[in-house]
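What follows draws every value from the coordinates through simple rules; no lab data is involved. Since the model is a prediction, treat every value here as computed from it, not as a measurement. Note: ideal-geometry Cβ built from the backbone for every residue, glycine included; neighbour counts use all protein chains shown.
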Amino acid sequence: MNKVKIITDSCSDMGKDLRGQYDIDYVRMSVNWSGEEKPASTDWDIYTVKEFYDAMRSGIRITTNQVAVSEFENVFGKYLDDGYDIVYVACSSALSGSYNVGQVVAKNLEEKYSGHKIVCVDPKNSCGGELLVALKAAELAAQGLDAVAIGERLKEYSVNVLQFCTADSLTYLKRAGRVKASAAFFGNLFGIKPIIISNAAGENEAVKKVKGTKNAHDECVNLLKAAIEKGPVPASEQTVIVVHGDCPEAAKYLADRVRELIDPKEIYINTIGPIIGASVGPGAVAVYGVGDPSVR
């Protein structure tokens with residue numbers, strides 16, 4: 001059996017420390033910013049977190065591109081040359097075309113590299129949810145499962161990976177075409193904060209409206225707590241992901257609340273990367289864990 005390499009993409013927001021710890025690589029997407037295309041690096045080595053989010057605060061619109069065919073070919077090819085099979089944990093296919101492009105490239109490369117498998121997984125998640133699925137993939141690879149078996153297990157696992165997110169301002173979601181203009185105007189005017197989930201189809205969907213930032217942050221943690229209590233994995237065995245759009249103080253508050261109310265095995269605090277950040281904007285936060293999806 002061939003050894004297995006886990007590969008994710010820019011939407012997982014997985015930095016080099018975590019990738020190194022779990023032996024994961026990634027394929028890059030790109031952003032268009034002031035007329036220039038730049039790699040969507042999750043290591044923030046092309047531009048800083050502050051530069052990126054300050055550009056958005058100043059009114060610059062940042063658009064995004066899916067993973068290019070050449071990027072897939074280069075990264076997949078490197079590991080196939082080294083004798084690996086590949087499991088690619090993509091961004092939700094409802095949010096990015098990268099999963100579909102990856103499947104096409106995978107089919108072509110499997111014909112070239114006889115005896116090797118490339119399994120593309122649509123986790124119906126992005127950001128911290130995609131990250132959790134990629135970490136699970138690495139865990140399964142370390143247990144010795146082959147690429148096909150890992151892919152099947154991830155389909156089951158992904159159903160219970162949940163997101164509870166809120167955005168500080170609806171302006172950026174409106175600009176990215178994620179919310180109606182009127183909803184953005186009245187939401188900002190009256191201090192209404194949406195609670196956004198990743199639904200069963202992998203789409204971001206606002207399911208609740210909460211008055212005030214602190215209340216919205218508390219509601220995200222409360223919803224995750226309720227989902228974990230009804231879910232298949234005890235809190236004591238969970239890794240909870242907390243993410244933020246250049247608002248580390250808010251992320252710390254969320255992490256403290258998660259520790260107090262849920263007390264998982266570990267908590268990772270992560271910056272929302274360039275791709276997701278271009279839609280949700282500065283001030284957005286989210287929590288991710290494994291729980292009962294009926295709570296959404």
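At 20 angstrom or more along the helix axis (alpha-carbon based) and mean Kyte-Doolittle of 0.0 or higher, what helices does the chain contain? Whole DSSP H runs only.
On the way: long enough: 98-112 (21 Å, -0.64); 127-142 (23 Å, 1.20); 213-230 (26 Å, -0.49).
What comes out of the filter, once short or polar helices are dropped, is 127-142.
The relative contact order of the chain comes to 21 percent, based on Cα pairs under 8 Å that sit 6 or more residues apart.
Could you work out the local net charge near Asn32, counting Lys and Arg as +1, Asp and Glu as -1, over the other residues with Cβ closer than 12 Å to its Cβ?
Numbers: positive: Lys38, Arg61; negative: Glu36, Glu37.
Summing Lys/Arg as +1 and Asp/Glu as -1 gives 0.
All other residues with a Cβ under 11 Å from the Cβ of Ala94 taken together, and with Lys, Arg as +1 and Asp, Glu as -1, what is their net charge? Net of charged neighbours comes to -2.
Cross-link partners for Lys230 among the aspartates and glutamates, with Cα-Cα distance under 20 Å and sequence neighbours closer than 8 places in the same chain left out: Glu156, Asp218, Glu219, Glu260, Asp263, Glu266, Asp292. Taking the chain as a whole, the Cys residues whose C-beta sits 4.7 Å or farther from every other Cys C-beta are Cys120, Cys127, Cys165, Cys220, Cys247.
Restricting attention to the chain, close to 60% of DSSP beta bridges with both partner residues there are antiparallel.
For the stretch 188-296, which chymotrypsin sites (Phe, Trp or Tyr not before Pro) pass both filters: DSSP loop (anything but H, G, I, E, B) and at most 15 other C-beta atoms within 10 Å? Write out the running numbers ahead of the final one.
On the way: sites: Phe190, Tyr253, Tyr268, Tyr288; in loops: none.
Nothing satisfies the criteria.
Once backbone amide H atoms are built at 1.01 Å from N, Lys5 has Asp85, Ile86, Val87 as its partners under 5 Å, excluding neighbours fewer than 5 places away on the same chain.
Once volume of the Cα convex hull per residue in Å³ is calculated for the structure shown, the corresponding label among [x] 117; [y] 139; [z] 175 turns out to be [x].
Here the 3J(HN,Hα) profile of the stretch 32-48, calculated from phi with Karplus coefficients 6.51, -1.76 and 1.60 at θ = phi - 60°, is 10, 9, 6, x, 10, 8, 10, x, 8, 7, 7, 9, 6, 9, 9, 8, 7 Hz, Gly and Pro shown as x.
Arranged from fewest to most other beta-carbon atoms within 10 Å of their beta carbon, His116, His217, His244 become His116, His217, His244.
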